[in-house]
Each structure stands twice: as C-alpha cells, then as structure tokens.
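Accompanying notes for the structure given below.
The values are calculated or read from the model by the stated rules, or taken from the named source; none is laboratory data. Here the structure is a predicted model, which means the values were calculated and not measured. Methodologically, a virtual Cβ is constructed for each residue, glycine included, from the backbone with ideal geometry; neighbour enumeration extends over all protein chains shown.
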There are 4 protein chains.
Amino acid sequence: MTRVGIIGGTGYTGGELARLLCTHPDVEIAAMTSRQNVGARVQDVHTYLRGYVDLEFTEKISDTKDLDFVFVATPHGVAMKEVPALMDQGIKAIDLSGDYRLKDVDVYQEWYGHEHTDLENLEKAEYGLPEFFRDKLKGADLVANPGCYATSIILACGPLLKAGVVDEEIIVDAKSGTSGAGMVPAVRTHHSTCGETIIPYSVGKHRHTPEIEMAVDRFAGSHTQVTFIPQLIPIVRGILSSCYFNLKKDLTQEEVDGIYEKQYGGETFVHHVQDPSIRAVVASNHAQTASKVIGKKVVSFGVLDNLVKGASGQAVQCMNLMLGLDEKTGLNVPGLGV
Amino acid sequence: MTRVGIIGGTGYTGGELARLLCTHPDVEIAAMTSRQNVGARVQDVHTYLRGYVDLEFTEKISDTKDLDFVFVATPHGVAMKEVPALMDQGIKAIDLSGDYRLKDVDVYQEWYGHEHTDLENLEKAEYGLPEFFRDKLKGADLVANPGCYATSIILACGPLLKAGVVDEEIIVDAKSGTSGAGMVPAVRTHHSTCGETIIPYSVGKHRHTPEIEMAVDRFAGSHTQVTFIPQLIPIVRGILSSCYFNLKKDLTQEEVDGIYEKQYGGETFVHHVQDPSIRAVVASNHAQTASKVIGKKVVSFGVLDNLVKGASGQAVQCMNLMLGLDEKTGLNVPGLGV
Amino acid sequence: MTRVGIIGGTGYTGGELARLLCTHPDVEIAAMTSRQNVGARVQDVHTYLRGYVDLEFTEKISDTKDLDFVFVATPHGVAMKEVPALMDQGIKAIDLSGDYRLKDVDVYQEWYGHEHTDLENLEKAEYGLPEFFRDKLKGADLVANPGCYATSIILACGPLLKAGVVDEEIIVDAKSGTSGAGMVPAVRTHHSTCGETIIPYSVGKHRHTPEIEMAVDRFAGSHTQVTFIPQLIPIVRGILSSCYFNLKKDLTQEEVDGIYEKQYGGETFVHHVQDPSIRAVVASNHAQTASKVIGKKVVSFGVLDNLVKGASGQAVQCMNLMLGLDEKTGLNVPGLGV
Amino acid sequence: MTRVGIIGGTGYTGGELARLLCTHPDVEIAAMTSRQNVGARVQDVHTYLRGYVDLEFTEKISDTKDLDFVFVATPHGVAMKEVPALMDQGIKAIDLSGDYRLKDVDVYQEWYGHEHTDLENLEKAEYGLPEFFRDKLKGADLVANPGCYATSIILACGPLLKAGVVDEEIIVDAKSGTSGAGMVPAVRTHHSTCGETIIPYSVGKHRHTPEIEMAVDRFAGSHTQVTFIPQLIPIVRGILSSCYFNLKKDLTQEEVDGIYEKQYGGETFVHHVQDPSIRAVVASNHAQTASKVIGKKVVSFGVLDNLVKGASGQAVQCMNLMLGLDEKTGLNVPGLGV
C-alpha cells in the first residue's frame, strides 16, 4: 500500500482527493493537514467521509512519517514552500495549485503577482494532462495538476490545434459551477448574488489563460492566442467550455469528428460525443468533447466535473501513472447521468 | 412630498426600500446612509437603481436635514441607538430589525443576548402587521416591522387562532430563500453549500419564535406555543411556512376556508387560495394563505416574498398608514407569476 | 382608455402582457383568448393576477367588440392567420411571434418550414426595437416584436456595427433562462434534465440567426454573418448574450465605451455598464450592455429579462409609441437587484 | 457471475440500477428492456454509461435467456404483470414500484385505484428495508423495494416508535428533489414552474402514506397515524423528511440520540448525525438521521439520495442480501460532500 498525504485537506479539492482515495485499492490515506482544523477528526469536518477516513487533521505534513506520496492542495504561493522538502525526501508529489504549471517564471510572476521561489522543481515538474502527456507522467516525481478550466479547454482545443486545421486564435467562452471558486464564502458565490444569474468575471485576465496557451503551444505549430472569458453559473459541479475556431480550409462535420475520434478513441476518460452533457460526467473522472462545424467556423465544447477530472480525479489519474499503476485504478465509475 | 431617509441603505432590505420608494408618488428619497459606502453613488452600489435614485450614501442620517420619515434597516442592536434621536425630533420611523418587536424586554434580552437600551420607545412601538393591527398603525410614530418568517407564519396561523378552533400548540416547518439571510457572505449561504440541498438551522431556537408567540397571543385566548424549524432552500426570494394544528373539534374544509376568507376577503395584499405559490407573489407585496384539513389536523401555508411583504414592502405599507395615505400606494402591482 | 386584447393569453408572454398592462394607466385589458382555458377566469389560471384582471378567457378575439389594440402572443404560423382580420378592422397590432420579423419571405420559409400566407402585412410590419427604429414605430399599425435572444444581441452588437469599427462577422454565445422556452413541458426544460447543467441547443441553426442578421444589416454597411450558439442555463428569467468581434483597428476601452454611451446615453431602458447583471434588470424593461477590449478583440454583453425587454415589456414599449403615448408609460420601474 | 436483467431500463431508477450494477463485482447486466428504445444501444440513451454497459435495449425480459435476477423498474400496475412469470421460472426479483409494498390488498386498491392481480406473490414479497427487516431479506425470492419518501421517513421515525417513547401520531413535512418525480416532463417539474419555489402537492393523500404506516406498524406497538405533506424543492437529487413527534415522557437530547445510536450504530449506510446534509449522502447509498428535542416535542430528520438509498441503491443492497453476498458489495463509496 502506498501511504499518501494531503496538504490542505479542508478545502474542496483536498476533501475530494480523500473521497476518491479512500476507496482506491492500492493506497492508504495516512495524513491530511489543515490550518484551521488541526486535531479535528476528518469525518467531523467532511461528514461524507464517515466510515471511510479514520484520521485527525495534523498541522504539518512532516508530522507524519513514512509517506510515499503527497498531494499539495493549497492556494498558489503556498505549494512552492512545501514541495522542496518533499522532493528532498524523495516523496513523489502532485501540486494542484498553479505554482508549477507555468514553465516561464516571468509569466508566472506577471499573472500571480509574486516571485517564484522554487525554480529547481519548477523545471522538472510535468504537466498532468494524461491524454496529451501520458509518457512524461509515467514515473515522474513532481506533477503540476492542470486547472479545471484549462483541462476542459485543452481537451476541446487540442485535437484541432495538433491537426493544424484551425487558426492559432481561439475564443473561449467558459461556464463553471460555483465549487470551482473554492470553499471560502465571497460576494460572487453568495447564493443571493449568483443563484439566479450568470456572472462573467476576470474577463480577458484569468490566470488560466497563460496555462492554456503554454499547454497548446506544446503541440500546435506556433503560438496560439486565447481569448478567455470565464463565467459563473448557478450549479455546484461542472464546467462547459465553448471554444470557437476559424477553419484554415473547409472541413466537413465528419472530418472534424474524425480528428477528435482519432485523438480520444482509445481513451477511458475522454469521449467525443454528439450532445455534450455535464450530468453525464458529473461525480466522475470522465470528460466529453463535442464539435459543430458552422460554415468556416467550428465550435468545440469541453465538459467535465471541475472537482474530479478538473482537479482531484485527474490528480489521482496522474498518481496512478507516477506509481506505475493502471491509470484507471480507483476512478473507473460512470458519471451520475441524472 | 414626504422626505424619507433610509438608515442602512447598503443591505438587501435597504436597497429594496429604495426600489419600492423610488416610484412611490408621495415620497422623495432624501437620504440613504451606509457605513461602507459613504460618498459612493447609490446607483453605483445598487446598479438596478440607475435612473431612479440620484443620491450619494451619507454616513449619518443627521447629515440630512428636514426628513419627515426614516426607515431603520440596520442589524438589531444598532436600531435602538438610532431611534431615540428620531423620536426626539418628531420624525416618524419604522425599524426593520428586531429591536422594537418584543414588548417583554426580558424576552428580548434572552433571545438577542444583549440589553435593550431604549425602553421608552419600545413601549410605544406598534407591531407593523396591517392585516391584524391596522388601527394601531394609522398615525403611529414608531413601528416595529415584523420579521419575514414571522409575517408568513402569523398570516397562516392568525385566523385559526383568533377563531379559537385549534389547540394553542403549533408546529411550524418554514422554508426560506437565501436573501432572507442578508447580503453578508457566509458558509451557509455559499452557493456550493446551499445550492443543491435544504438546510435546517437554528432548530427550535430561532429569534422569530418569541415574536410569533407574542403576536398571536394578542388575538388568541391564551398562550400559544410555537415549535419553529426554519430551513434554507436554494431560491433567492420567497418563504413558504407550513403550520400544523390540531383541531379542537371536527371542521370541514369549507369551514376552515371560510375562516380565512372572513379574515382576508377584504384585503388587497393577502389572499386565501387553493394552491399556494411563491412565484405568484414574488417581487410584490402580496401574500397567500392556503389550508388543508387532514383528519383532525390542519396544515396552513403562508407564502410571501421575504424582501417585500416580509420586509420592505410591508414597511412601505405601514408607512402609508402612518402618514394617512392609501395603504396600497406605491405597492399595487401583481407578483411575477413566472 | 385604449381597449386592448391579447390573443394567446395562457402562455408566458400572454400572462406577462397582462401583468404589465393591468397597471398601465392608459389601457384597459378587454379580452384575453385561450384555446385550452375558454370560460375560465384569468385569475384562476394566472393566480398572480388576482385582484388585477377581472376577465374570463374567450375563444376568439372577435368575441370581443370595440378593441383598439391587439397583442398576438401565439406560436409562429398562428399569428399570420390572426393579423389580417385585425388590420382589416383598423385594429393596431403587435405580433410577438416570428411571423412578421423576416422581411425576406424565402428566408422565413427556409427557417420556419412552412409558407407565409400574409405577405401584404409582412411588408408593412415594423421591427419593434425602439432603441434603433423608434421613428418607424411611432404611429405604426403593425409591429413585429423582436425575439428575446435577438433583442439582447442587437443591443450588444448594434453600436459597434453602426460605428463600422468591427468586422462583419460575429460569434454570439448566448445563455437563456428556461422561461424563454415557454410553458409547455419538454425534456430539455424538465428540472432534472436542466437544473444542474448548461445545455447548448440548436447550435448554428436557431431561428433567431436570420432575424439578428436582418436587423443589424439595416444599420451596418454590409452583410454581417452571425454564428449563434444558444444555451439553456438553470435560471427562470434572464438572458446574457456574449458577442465576440474583431476590431478593424485598435480602439481603447474608453473609445469602445464611448460608442455605446453615444448610442444609449439618452435611453431610459438601455444602459451601458461596467458589470452586466441579469439581477439588475430582472422583472423590468431595462437592459444592459457592457464591453471589454481584449487585444484586437471585443466582447460585448447584452443582458435583459427575456419576458420583459425580451418580449412583453418591449411590446408594451412599442404599443406606447404606436399609440402616441410616452414610451415609458406603465414600464418605468427598476429591476429587482436581488 | 449473477446474470441480472432490468425491466424498465429507460427511466431514472432503471438507469441508476445500471450505473450501480455496472461496477458491481459479482453481477453482469445481461438485459435491459424498454418500450420506447427497443434496439437502441443503452449507452446512446444513457450516455453516462458509455464504456460501462454494452447492450441494446430489448422489448421483453423473456427475450434474454438464463437470467438469475431481475429488477422491475416500471410504473405501478405494470410490475404485477411481470413478476408472476419471473417467480414461475425461479428468477429472484425486486420490484421498485408500489405493487408489492402494501400487504392489505384493499388498501392497495384504494390508493392505487386499480385491482391487484397477483395476490399470491404479494403475500410472499418482503419489504426491502434492510436496516429494519434484514433477516427476512436474506435469501428472499421477491422483494418490494420501499419508496424514496417512505425510506427516509421510516429511517427517521423507526427508532422512536420502536422504543415506544412517542405518541402514535406523526407529522411528516417532506422535501424532495425533482428526480423523484421521474423522467416524464410535466407541469410541476417544468423548470420555470419549480426552479425558484417550493411546491406542496398531494397534501394528505400521497401514496406513500399507507406504506409508511404499514411499515412502522410492524415495529410500533399500535397503529401510527401519519400526516404526510410532500413538497418539491429545486434540487435534482435528495430528500429531507422532517418528522414531528410528541414525547410520551420527558427525554433529554442525549437519551433521544442514544435511541438512534442503538439502532444505527452498527450500520454501514445509516448514520445518526448532528447536522443532517443531503450533500453528505448524495450519489451514495448512505442515509442520515438527526434529532432535536424541543420541549415535549422531537423533530427527526431523514436524509438520503432518492435515486440511491431511496430506490436503486437500496435495491442493490437488497439484491446482495437475497443472493447471500456482503450487503455492501458495489455500494461502498461515500457521498459527494460538495
């Protein structure tokens, strides 16, 4: 059994990691840290884990010995303070924050507004999107787990950009459920504010923009410019990202679908479908893409559960690859449907 | 034109007062105070008031001269610090907080946890439920506006208690939209917490309990005991309170409906209906009651928009009475329906 | 008093017309027709109209004599059977369906799938968007009320297209509440289907596409191509349409805002704002636009309540113009805000 | 591997059965029938099952040979036409409709409005609530799966009634998500109707009333009268039932909690908690109870996911018992939490 720890166990992604890992056959949750809940039983804070996680929150991950693997589920800026010690001790780790996603440290500092203090590990961190970078993840020591928006968008855009059939200029109109904003109450996620409306925010300046550009630039021929408009919709879990492209030349609907089928036909967790549906994937690690050709344009949708394939589920998928396990272990269940 | 001021103009009830008063034909909004928005234009904070309220928030109500009427829309404990000065200057006032609702100061101190510092005005404050205490409100100087839950419950319970046909023991299972909790973000009203569930809270110890008991005791023969369970449902506006009674003797459905018709048949804003509906009254000062006889029990529903008939609309209705205006002025529009 | 009738009084737009007209000072609702509710009291079907509309539904509009004005709130294909008789009798009318919106009858037949049988009146119908075509509406006999999506999109796109500063190629990613789909239960609007998700539908083939193109072509220099993706979000009322443009030349944020201010600065019901909000306009005839320059692109948002400015409120606004009344009569209230 | 079939595979409970059974280690889904989707691939209808169920819908369960176990997920009245043939062939079965729940055939006919045509199997059917009737379910041939409301209410009421500490008279104010109403679109579950409100329905005459009474009468000393008010709330999955009792004698909070702990302390799927939460159990077979003593009354809450512990999950739990498997097999995952 691999002994895993979770730094930042109180938040939504920390709790979701515990929810997924507690039934994983090859893993034992050995530690969960929390600043505000030190000493409390995990199942008293996350009551849904009653009967599944028998632990108390600790203050520091170093309070627990003999860990083999650690998930860092803290805000950005905190993760880079935790990772060096883990690497030094030979503990494999996945960071779910933005700290290790952007290879260009200047871009990081521009978008996150503070210095990066762990350039050494930044360099060796792999970007944890198995459907595109699986080989790099097998056996890796440090993985930067993609953002929830970024995952949905890269899945929707990747095949067309790789195929070189669209202009390197994408408009992304993305819609997210409120759990993507985390557990801390705020005006924008106050129910009376967001419960009967849709709220555009960070228009043209969301931090996932450079992450998406960096990722797609790895397989597109040249630099792709992403115009990214995130919006909050009144659902708890789920993202639908609508990505708009200009076709370089005429393509039929079948040809476009064929590009996606070629990319995802062999995948367990990503499916190219006719009618994309958040409900089909919610509560699971599955994601969907769908595409419609409209004249010389294409709209491609990327759909997932922001807490699973958009965060903790994808992290478990990466962990499986890093540990040499079957990628699907502990994740192989369908979405809820209803 | 009556010059009115609103103390506490940033919150939901303050904003709703402005929404209703800005089209009231006999009133001019002359002042709105705010602690956090002093100097800001009202329509920049409450963007829906653009074109309707041309004011800046001031710090203190005394910054504005020649006011005729003031609404106090602050948290409890604050109102009793504002009201004495208003009364001293001969300015009529309505308090929308709980400070002047409970005649028994010991009960106030028990449920609100602090001392009452304005016993003089507490004594003269009238309880602002026009459908039951209209005569007392005509020309009154100070009115305590009922709570939103309390209004829905008293409307549903009053007729049967007045008629003396039910036991003095009521179970109230009440459901409220999230705007009833106010504008300050909190865990319970965080969308991811409350968006796909129903949350019982303050079970058996909500502050509206003594308010309801006090009000109904005024027209019931003896003391009525209220078991009150409030619950948060994922809608923005609206309350449905389900009140359970034991009949003292057998009554038919027609007899029970007759009791309500007798009470409300002549009312503009309260209707006894077959199928109660929040949507039928939302965004309006209308309320509904409905009753079903089930063997020796009766369930009566009280339905309203918590921000209108449950707060600011009822306050305007009271103001009309206090000023000698037609009670319906500025309020006479139907609910949204859809 | 103008005596008005509503053909199709059971549906959402018919009920909403009654809600608005029942407090209109210059109008008397003299007739409402319904196929399924003939003989029923209006206030028993639309319970929110209790105390405001004292009528029974009739079968045919001709059952009522001496009407001055008729709103046709039926499905498309039905309206064109009703309008000729109204015109023959000299009764002014507004059609809220799609029957009189598309001037090109071939385009109508292509998108609606059946023949147009009233070419004579089609020719004389004016398009009822006062903010762009006010002069044509004053005194007009027949007005085609714009679709809800179309209104939001034309308001957001019109100023930039008129100014000639963007390419004639727009991507519109629109989000609508469920009331836009009408009152007939269907799979897509079944709560369990749509309550916790967002559903793209009619991608690239929604009937508002030619309507939008026709309208904007009237003030843009050349033909504008609209790629229109409508989506259903789990709210009852409200539309937010996000419109993406390529700038022909660099413009600052201030220059773009200035174009909108110039267009809407004098309008009562359309405001150019920084943060667009459905809640700010819901339940009112107000609409908002907002724009963000992102590099060489602009995203402009159009926001409204689909049943008011997107349907029945706009129809009342048009009626006021057709009758020579102040355009704001009966509509001059702010949105709910919360 | 046990070969199982599902009669009525298109509906919500049929789809949910497939969702749960497709990862059950001891079971193979060998057949799913559907009236409207004969010949269609299951995963094209229930897109969330892609990769998990590789079957086509058949018309009749008899089209598939060698079944060991059948779930009947049809409307009431249909099930009793299917079960006799299954019993004759020695195929164990669980009926998820109401056909085999009420032992008294006169009560059935009164509440369901038609005759019961399978009295023989009605007699031998066991009521499938493992936490109360586990011993009867082990090895049973036919099980009537409880209704979703009934399960939540019996779990909340059972311990106090068994302990004999409350009057045999219960008020139940229950709230359900819309998926409990099934997949067929209807006015009450149309999003615009139910999306921003709470709707009481079948007040005092819902068919679960006799089912609840029958079940609790089995362990309470005498007949218990249930006043049952169901209400629809705008969530997709989940029930919270609030049950009100009169205590026969004074009991402390600790004593009441102790009664529940004694009943459920050893259970995997039912937990007695302080703060009941639909989100803690949603998407899982877990249920919660919680109790508050308020003077001489007690309110007890029962919480579950209506499609899992309220329907298909409980059916799988029963199947495990009927087949001699560990009761938890295929169900042992926590709720979503968020």
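The one condition from (1) touching a strand residue (DSSP E or B) at 6+ places or on another chain (Cβ under 8 Å); (2) outside the structural domain of C:Lys81 (by TED's automatic domain parsing); (3) over 19 Å from C:Thr268 (Cβ atoms); (4) assigned to a helix (DSSP H, G or I) that C:Asp173 does not meet is (4). Counting the residues of segment C:7-50 that are closer than 19 Å to C:Asp95 by Cα, aliphatic (A, V, I, L, M) and in contact with a Ser or Thr (Cβ under 7 Å, 6 or more places away or on another chain) gives 6. Of all residues in segment D:210-226, those that are touching a residue at least 40 places away in the same chain (Cβ under 8 Å) have Cβ atoms under 6 Å from Cβ atoms of residues that are basic (Lys, Arg), 6 or more apart or on another chain, in D:Glu211/D:Arg101; D:Phe219/D:Lys162.
Condition check ((1) assigned by TED's automatic domain parsing to the domain that holds D:Glu213; (2) surrounded by 24 or more Cβ atoms within 10 Å (Cβ to Cβ); (3) closer than 17 Å to D:Arg3 by Cβ) across all residues:
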{"position": "D:Thr64", "(1), (2), (3)": "no, no, yes"}
{"position": "D:Lys81", "(1), (2), (3)": "no, no, no"}
{"position": "D:Asp99", "(1), (2), (3)": "no, yes, no"}
{"position": "D:Lys103", "(1), (2), (3)": "no, no, no"}
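Looking for something of a type in the set (Gly, Ala, Ser), assigned to a helix (DSSP H, G or I) and either within 14 Å of another protein chain (Cβ to nearest Cβ) or surrounded by fewer than 19 Cβ atoms within 10 Å (Cβ to Cβ) (or both) - is there at least one such residue anywhere in segment C:136-153? Reasoning before the result, please.
Quick first cut of segment C:136-153, residues of a type in the set (Gly, Ala, Ser) only: C:139-140, C:144, C:147, C:150, C:152.
If we keep only those that are assigned to a helix (DSSP H, G or I) too, we end up with C:150, C:152.
Applying the additional criterion that residues be either within 14 Å of another protein chain (Cβ to nearest Cβ) or surrounded by fewer than 19 Cβ atoms within 10 Å (Cβ to Cβ) (or both) yields C:152.
Yes: segment C:136-153 contains one or more residues that are of a type in the set (Gly, Ala, Ser), assigned to a helix (DSSP H, G or I) and either within 14 Å of another protein chain (Cβ to nearest Cβ) or surrounded by fewer than 19 Cβ atoms within 10 Å (Cβ to Cβ) (or both).
The residues of segment B:284-338 that are touching a His at 6+ places or on another chain (Cβ under 8 Å) and on the phi > 0 side of the Ramachandran plot, listed by number, are B:Gly330, B:Gly337. Name the single residue, out of those in segment C:191-221 being of a type in the set (D, E, K, R) and part of a loop (DSSP other than H, G, I, E, B), that is farthest from C:Pro130 (Cα to Cα). Only one residue fits best here, namely C:Glu196. Restricted to segment D:222-306, the set of strands (runs of 3 or more DSSP E) holding at least 1 residues that are more than 30 Å from A:Glu196 (Cβ to Cβ) and within 10 Å of chain B (Cβ to nearest Cβ) comprises D:225-232, D:239-246, D:287-294, D:297-304.
Of all residues in segment A:315-338, exactly one satisfies the criterion of being touching a residue at least 60 places away in the same chain (Cβ under 8 Å), crowded, with 24+ Cβ neighbours inside 10 Å and either in a loop (DSSP other than H, G, I, E, B) or out of contact with any strand residue (DSSP E or B) (no Cβ under 9 Å at 6 or more places or on another chain) (or both), namely A:Gln317.
Yes or no, residue by residue, for (1) within 24 Å of A:Gly98 (Cα to Cα); (2) hydrophobic (A, V, I, L, M, F, W, C); (3) surrounded by fewer than 19 Cβ atoms within 10 Å (Cβ to Cβ); (4) facing another protein chain (nearest Cβ under 9 Å):
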{"site": "A:Gly164", "(1), (2), (3), (4)": "no, no, yes, no"}
{"site": "A:Ile171", "(1), (2), (3), (4)": "yes, yes, no, yes"}
{"site": "A:Gly177", "(1), (2), (3), (4)": "yes, no, no, yes"}
{"site": "A:Gly182", "(1), (2), (3), (4)": "yes, no, yes, yes"}
{"site": "A:Val187", "(1), (2), (3), (4)": "yes, yes, yes, yes"}
{"site": "A:His191", "(1), (2), (3), (4)": "no, no, no, yes"}
{"site": "A:Cys194", "(1), (2), (3), (4)": "no, yes, no, yes"}
{"site": "A:Ile198", "(1), (2), (3), (4)": "no, yes, no, yes"}
{"site": "A:His206", "(1), (2), (3), (4)": "yes, no, no, no"}
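Residues in segment D:113-135 that are crowded, with 18+ Cβ neighbours inside 10 Å, under 19 Å from D:Phe71 (Cα atoms) and under 18 Å from the mean Cα position of the chain (by Cα): D:Leu122, D:Ala125, D:Glu126, D:Tyr127, D:Gly128, D:Leu129, D:Pro130. Report, by residue number, each residue of segment A:307-318 that is over 30 Å from D:Gly11 (Cβ atoms) and either within 12 Å of another protein chain (Cβ to nearest Cβ) or more than 13 Å from the chain's Cα centre (by Cα) (or both). Result: A:Ala311, A:Ser312.
Rundown of residues vs (1) at pLDDT below 95; (2) under 25 Å from D:Gly14 (Cβ atoms), yes/no style:
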position	(1), (2)
D:Phe132	no, no
D:Ala140	no, yes
D:Val172	no, no
D:Pro185	no, yes
D:Thr189	no, yes
D:Gly195	no, no
D:Tyr201	no, yes
D:Val216	yes, no
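Of the residues making up segment B:79-93, not a single one is within 13 Å of chain C (Cβ to nearest Cβ), basic (Lys, Arg) and farther than 25 Å from B:Pro130 by Cβ. When the residues of segment D:25-44 are filtered to those that are within 13 Å of chain A (Cβ to nearest Cβ) and buried (at least 20 other Cβ atoms within 10 Å of the Cβ), the one that is nearest to A:His271 (Cα to Cα) is D:Val42. Annotation note: of A:Val316, A:Val256, A:Val293, A:Val270, the sole residue that is assigned by TED's automatic domain parsing to the domain that holds A:Phe71 and among the aliphatic types (A, V, I, L, M) is A:Val316. Looking only at segment D:140-170, which residues are under 19 Å from D:His271 (Cβ atoms) and either touching a strand residue (DSSP E or B) at 6+ places or on another chain (Cβ under 7 Å) or without any contact (Cβ under 8 Å) to a residue 12 or more places away in the chain (or both)? Listed by number, the residues that qualify are D:Pro146, D:Cys148, D:Thr151, D:Ser152, D:Ile153, D:Leu155, D:Ala156, D:Cys157, D:Leu160.
Reported count of residues in segment D:266-276, each being surrounded by fewer than 23 Cβ atoms within 10 Å (Cβ to Cβ) and under 12 Å from D:Leu240 (Cβ atoms), is 1.
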